[in-house]
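Structure record follows, encoded as structure tokens.
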Amino acid sequence: MLLAIDCGNTNIVFAIYDGDEQRASWRISSDSRRSTDEYVVWLTQLMTLKNINVDDITGVMIASVVPDIQPKLVALAHRGFDLVPLCVDDPCVELGIAINIDRPEQAGADRLVNAVAAAAWHNLPAIVIDFGTATTLDLIGPKGAYEGGIIAPGVNLSIEALYMAAARLPRIAVKSWQTDMPVLGTDTISAMHSGVFWGYVGMIEGLLERLRHSYGADLPAIATGGLAPLFADHINGPLTVDTDLTLKGLVRIHAQNKM
């Protein structure tokens, strides 16, 4: 079995895969103060509850955009499973896709993994929308190449910025919004919810329209990330939700590099 680890700026997702089948997954906050031993104890206890033994894990694949945490995840593989992990940013790891941007080394590991997964499980060309700490849109070419992307503040980041910078605005929570929610708020809370929900829907639709105008009117979009289901149903145009896209990409990269 494979332990796939997707380390983002807000959360780390650990998932166990038996071939292409996900057996279990867990999410924990990305905290650079957490020690390797804490990861080992936490993860192995959760695996035991799912009747998965440490010896069942034969490979570890890591994608991380947090430099302070990645060494601890590598140590987790060594200490917890006696395995040498593969990391997406390791020069010896073959992704199997072209990276057609000016500075390939600047492409985030998660975005490249998403491109690999899109090429393996979806029709191309396509646009990948990842609702994470940042909201990103990436263009994946007809042969699976990563062609570039867009980075915007994420939903939770924008909500926190409003709360921190505006003294009289409260902190609101991300929730499932209704499509019949009025655009015009009638109090502070409803005005903020409208700004977050309709603002992000409008931003995504506007960026998709511009990308489709430049690269193909029928380009499908693939939405991933924990918040994708909250927005995907309200965005016009062809769009598929695949919340496990990054994990699927890790599985595919690991399989490619075992050969």
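The values are calculated or read from the model by the stated rules, or taken from the named source; none is laboratory data. Predicted, not measured: the structure shown is a model, and the values here were computed from it. For neighbour counting, all protein chains shown are included, and Cβ atoms are generated from backbone atoms with ideal geometry for every residue, glycine included. For the accessible areas, the whole protein counts, side chains as well, though only heavy atoms, and no ligand, DNA or RNA atoms are used. Shrake-Rupley method; radii C 1.70, N 1.55, O 1.52, S 1.80 Å.
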Practice task
Determine whether residue 190 is more than 29 Å from residue 14 (Cβ to Cβ) and in contact with a Gly (Cβ under 6 Å, 6 or more places away or on another chain).
Solution key: no
Exercise for the section: Please tell me if residue 89 is within 17 Å of the chain's Cα centre (by Cα) and open to solvent by 30 Å² or more (accessible area, probe 1.4 Å). Expected result: yes
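Restricting attention to the stretch 228-259, and to residues there that are in a loop (DSSP other than H, G, I, E, B) and open to solvent by 30 Å² or more (accessible area, probe 1.4 Å), which single residue is modelled with the lowest pLDDT? Can you show your working first?
Going through the stretch 228-259, the residues in a loop (DSSP other than H, G, I, E, B) turn out to be 233-238, 242-244, 259.
Retained after the next criterion (residues that are open to solvent by 30 Å² or more (accessible area, probe 1.4 Å)): 233-234, 236-238, 243-244, 259.
Values: 233: 85, 234: 89, 236: 87, 237: 86, 238: 89, 243: 94, 244: 96, 259: 59.
Selected residue: 259.
Would you check if residue 176 is touching a residue at least 40 places away in the same chain (Cβ under 8 Å) and open to solvent by 50 Å² or more (accessible area, probe 1.4 Å)?
On the way: touching a residue at least 40 places away in the same chain (Cβ under 8 Å): yes; open to solvent by 50 Å² or more (accessible area, probe 1.4 Å): yes.
Answer is yes for this residue.
So is residue 34 out of contact with any Cys (no Cβ under 9 Å at 6 or more places or on another chain) and open to solvent by 50 Å² or more (accessible area, probe 1.4 Å) or not?
Details: out of contact with any Cys (no Cβ under 9 Å at 6 or more places or on another chain): yes; open to solvent by 50 Å² or more (accessible area, probe 1.4 Å): no.
Judged against the criteria, residue 34 is not a match.
For the stretch 27-135, give me every one of the helices (runs of 4 or more DSSP H) that falls completely inside it and has 1 or more residues that are in contact (Cβ under 8 Å) with a residue 60 or more places away in the chain and of a type in the set (S, T, N, Q). Full working, then the answer.
Values: elements: 36-49, 70-81, 109-121.
Qualifying helices (runs of 4 or more DSSP H): 70-81, 109-121.
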Fill in the blank from the handout: Those residues of the stretch 145-154 which are in contact with a Ser or Thr (Cβ under 7 Å, 6 or more places away or on another chain) and outside any strand (DSSP E or B) amount to 154
